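Down below is the structure, laid out as structure tokens.
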Amino acid sequence: MKEQKTLPLAVALRWDGDGAPRVTAKGSGEVADRILALAREHRVPLREDRALVAVLSKVELEQQIPPGLYKAVAEVIAFAYALQGKAVTRRATPASSQGAAPPERSKAAAAPD
């Protein structure tokens, strides 16, 4: 029996500090390879998370991520910050003083595993 090979899948996110991050690129196979190549070329941090990429790939291009993915994507942004040697600062919010402030401008790409 032949093993079926899984195509690479990639999703790129952008957050400009207003609202939630948006899906700016997504694709599988050669398109995923190109997204990843461009991310590497521009030194955009990559993080492998097959489950998150599968869910994010269902979000329409240029749409904000749904609230149910905020925590997972915040972890990706924190990961990207850490790779760049930056600390994630905390700022007080009306409801709590425990919120992590994401970077002012961040691009993140999730890579296939």
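If we keep just the residues of the stretch 1-23 that are closer than 18 Å to Ala72 by Cβ, without any contact (Cβ under 8 Å) to a residue 60 or more places away in the chain and not charged (D, E, K, R), which is surrounded by the fewest Cβ atoms within 10 Å (Cβ to Cβ)?
Step one: list which residues in the stretch 1-23 are closer than 18 Å to Ala72 by Cβ, which gives 9-15, 19-23.
Applying the additional criterion that residues be without any contact (Cβ under 8 Å) to a residue 60 or more places away in the chain yields 19-20, 22-23.
Pick out the ones that are also not charged (D, E, K, R) and you get 19-20, 23.
Details: Gly19: 9, Ala20: 16, Val23: 19.
The qualifying residue surrounded by the fewest Cβ atoms within 10 Å (Cβ to Cβ) is Gly19.
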Please enumerate the residues belonging to the stretch 1-23 that are closer than 17 Å to Ile65 by Cβ and either assigned to a strand (DSSP E or B) or in contact with a Leu (Cβ under 8 Å, 6 or more places away or on another chain) (or both).
Leu9, Ala10, Val11, Ala12, Leu13, Arg14, Trp15, Pro21, Arg22, Val23
Scan the stretch 24-37 residue by residue and report those that are without any contact (Cβ under 8 Å) to a residue 60 or more places away in the chain and part of a helix (DSSP H, G or I).
Glu30, Val31, Asp33, Arg34, Ala37
Looking at Leu52, is it under 16 Å from Ala78 (Cα atoms) and at pLDDT 95 or above?
yes
In this structure, is Ala25 modelled with pLDDT of 95 or more and under 13 Å from the mean Cα position of the chain (by Cα)?
yes
Kindly provide the set of residues from the stretch 38-78 that are acidic (Asp, Glu), in contact (Cβ under 8 Å) with a residue 12 or more places away in the chain and not in a loop (DSSP other than H, G, I, E, B), ordered by number.
Glu48
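The values are calculated or read from the model by the stated rules, or taken from the named source; none is laboratory data. The structure displayed is predicted, hence computed values, not measured ones. Cβ atoms come from the backbone with ideal geometry, glycine included; neighbour counts cover every protein chain shown.
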